[in-house]
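Novice: Quick one: structure below, then a few questions.
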Amino acid sequence: AQSVTQLGSHVSVSEGALVLLRCNYSSSVPPYLFWYVQYPNQGLQLLLKYTSAATLVKGINDFEAEFKKSETSFHLTKPSAHMSDAAEYFCAVSTEGGKLIFGQGTELSVKP
Amino acid sequence: DTGVSQDPRHKITKRGQNVTFRCDPISEHNRLYWYRQTLGQGPEFLTYFQNEAQLEKSRLLSDRFSAERPKGSFSTLEIQRTEQGDSAMYLCASSYGPGDSPLHFGNGTRLTVT
């Protein structure tokens, strides 16, 4: 069965610093992987997705993620954090039927 | 693309009452999903439809929960005899096509059971 583990429930960075949010997956088949962002009292917005076309995936707002099969990882990065990046981030793996299994989430705080 | 719409945004009800939530997916999307999210947790899958057929239900979905999608368009999620443990954000999402199609989420319905 597919599953996702996000390491670190809270991450704090300074504005302008590198953002690194960690995600490891478990899947018996080649996975489809996603990162979503959630702002308070809102639904989830897609940041990027991996569907085996390329291991480095670029998303919106300068976020990117690299699929590493050997490490079963799909970490999310952004070179320079903005205050507006403060939110909850979720990694997810797709199963048959398109159902997504989500990680527990990582709350990103950005300090001025 | 008007996005996924959920109604109401907030619902406060007393324990034991029934509540019903509505979701209008993106019009060309054939798949519709319901998730539940509690504070500090990731969304948990409840059920999904392909067109009007309900294809999978989570064990989280007790007998008090029922979902429908008549005519393969909007969907409703009903909770009967609500309990305090049902307090959560209920998220609806829709998608079109194969498993790599991303889910598009609504803004959710926040249920508070007092």
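Novice: Determine the distance separating the Cα centre of segment A:1-46 from the Cα centre of segment B:35-66; give it in Å without decimals.
Specialist: Distance between centres, Cα-based: 21 Å.
Novice: Longer than 20 Å from Cα to Cα, which of A:Lys68/A:Lys111; A:Lys78/A:Lys111; B:Lys11/B:Lys57; A:Lys78/A:Lys99 are they? Say none if no pair is.
Specialist: A:Lys68/A:Lys111; B:Lys11/B:Lys57; A:Lys78/A:Lys99
Novice: Assign unit charges at the C-beta atoms only (+1 for Lys and Arg, -1 for Asp and Glu), then state the dipole size of segment B:22-114 relative to its Cα centre in Debye, rounded to the nearest 20. Before the final figure, lay out each step's value.
Specialist: Values: 10 positive and 11 negative charges, 28 e Å.
Rounded to the nearest 20 debye, it is 140 debye.
Novice: In a shell of Cβ-Cβ distance under 13 Å around A:Pro30, excluding A:Pro30 itself, what net charge do Lys and Arg (+1) and Asp and Glu (-1) give?
Specialist: Numbers: positive: A:Lys69; negative: A:Glu96, B:Asp100.
Here the charged neighbours net out to -1.
Novice: Which distance in nm do the two modelled labels at B:Arg59 and A:Met83 give, with both placed 7 Å along the Cα-to-Cβ direction?
Specialist: Roughly 4.7 nm, to one decimal.
Novice: Now for a different question. Could you compute the net charge surrounding A:His10? Neighbours are other residues with a C-beta less than 12 Å from the C-beta of A:His10; K and R count +1, D and E count -1.
Specialist: Values: positive: none; negative: A:Glu88, A:Glu107.
Spelling it out: positives minus negatives among the neighbours equals -2.
Novice: Kindly provide the GluC sites (Glu not before Pro) of segment B:1-88 that DSSP labels as loop, not H, G, I, E or B, and whose Cβ sees at most 15 other Cβ atoms within 10 Å.
Specialist: Here the sparse-neighbourhood loop sites are B:Glu28, B:Glu52, B:Glu83.
Novice: What is the calculated FRET efficiency for B:Ser87 to B:Ser27, with r their C-beta to C-beta distance and R₀ = 30 Å, to the nearest 0.05? Please list the in-between numbers first.
Specialist: On the way: r = 31 Å, r/R0 = 1.04.
Once rounded, the FRET efficiency stands at 0.45.
Novice: Which trypsin sites (Lys or Arg not before Pro) in segment B:1-36 pass both tests, a DSSP loop state and at most 14 other beta-carbon atoms within 10 Å?
Specialist: Values: sites: B:Arg9, B:Lys11, B:Lys14, B:Arg15, B:Arg22, B:Arg31, B:Arg36; in loops: B:Arg9, B:Lys14, B:Arg15.
Qualifying residues, ordered by number: B:Arg9, B:Lys14, B:Arg15.
Novice: Shifting gears a bit: Provide the net charge surrounding B:Ser5, with neighbours chosen by a C-beta distance below 9 Å and charges set as Lys +1, Arg +1, Asp -1, Glu -1.
Specialist: -1
No lab work stands behind these numbers, since they all come straight from the coordinates. Since the structure is predicted, the reported quantities are computational estimates derived from the model, not experimental observations. We place every Cβ from the backbone using ideal geometry, glycine too, and count neighbours over all the protein chains shown.
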